[in-house]
Amino acid sequence: MPDFATIRLEIEGRTAILTLNRPDRLNAMNQQMKDDLRDAWTIVRDEPEIWCAIVTGEGRAFSSGADVESLDSGGFRKIDHWRKLAMIETIRALPTPRRMGVMKPVIAAVNGLVNGVTLDLVTEADIPIASDKAQFFDSHVSLGYVSSHEMVNMARRVPVAVAMRMALLGAKERMSAERALAVGLVTEVVPHDRLMERARELAGMICENAPLAVWGTKMGILRGLGLPVEQAEEIAAGYLEVVEQSEDHAEGPRAFMEKRKPDWKAR
């Protein structure tokens, strides 16, 4: 695996572990981290031996959000239409699993505070779990910024009123891990010292299943969100049809009949 300046990428069996690694800055997101994450997610997406990923943070924070010192502080500037279009493309280019086209399951192991732009790594995770020390907040409005894609994504994961409260209170309020569990932002809260152990357990259970079936199931669910149920079912059926042509689709029933563990090939 390549060496990155601001993250670690480790491969354990079929699982990739991405660790945000700027603990002296509470893993704040700067341009180098964006570039590193983009390259890391590309590896996760394209490497056939990787079937699942975990993303977490080093030290006491998952991530404090954007590195404020790296933001443009040049004062107000008139924004023309070309700049508006560039801003939209920048949002689309953010290095998150969904925007990078990662079909493989992603587990977010939230080890501490998470704020702002890096909330996307939680709301885009397929199985977000949290340490009992985790805290969630969005400080955009407290810094004079609009909370845009972060809260758009949040409002698709939790009730709108919960997302609105987080967005409008800004840095004035932090959501606890237990509250995050209650509103559906995370699926499980575990003792801090067991967080990565539990994340690895979940990744291991995922990797015992047929990988193509897992990926097709994930995409069938996500692509159908917000569509009429008939359309959503058609999309899911398309993924089913593709996976039915795979070797693994035949291996599953065969292994069941022979009373043995399936030998998945991801093909």
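Out of all DSSP beta bridges with both ends in the chain, state the antiparallel percent to the nearest 5. Each step should come with its number before you reach the end.
Details: 8 of 30 bridges.
Roughly 25 percent of the beta bridges in the chain run antiparallel, per DSSP.
GNM remark for the chain: springs join alpha carbons under 10 Å apart, and the peak mean-square fluctuation among ARG254, ARG194, ARG174 falls on ARG254.
Positive end of the dipole of region 117-267 (Cβ unit charges, origin at the Cα centre): among VAL146, LEU222, LEU212, the Cα lying farthest that way belongs to VAL146.
Axis angle, to the nearest 10 degrees, between helix 211-224 and the longest C-alpha principal axis of the chain: 50 degrees.
For region 211-257, the Cα-based Rg and Dmax, in that order, read 12.1, 39 Å. Highest GNM mean-square fluctuation among ILE107, ILE129, ILE50, for the chain modelled with Cα contacts below 10 Å: ILE50. Close lysine pairs were tallied over the chain: pairs 8 or more places apart or on different chains with Cα atoms under 27 Å apart number 12. When the alpha carbon gyration tensor of the chain is reduced to an equivalent ellipsoid, the three semi-axes, largest first, read 33, 21, 19 Å.
All of the numbers you see were taken from the coordinates with simple rules; none came from a lab. Just so you know, these numbers come straight off a predicted model, no measurement behind them. Ideal geometry is used to build each Cβ from the backbone, glycine not excepted, and the neighbour counts take in all protein chains shown.
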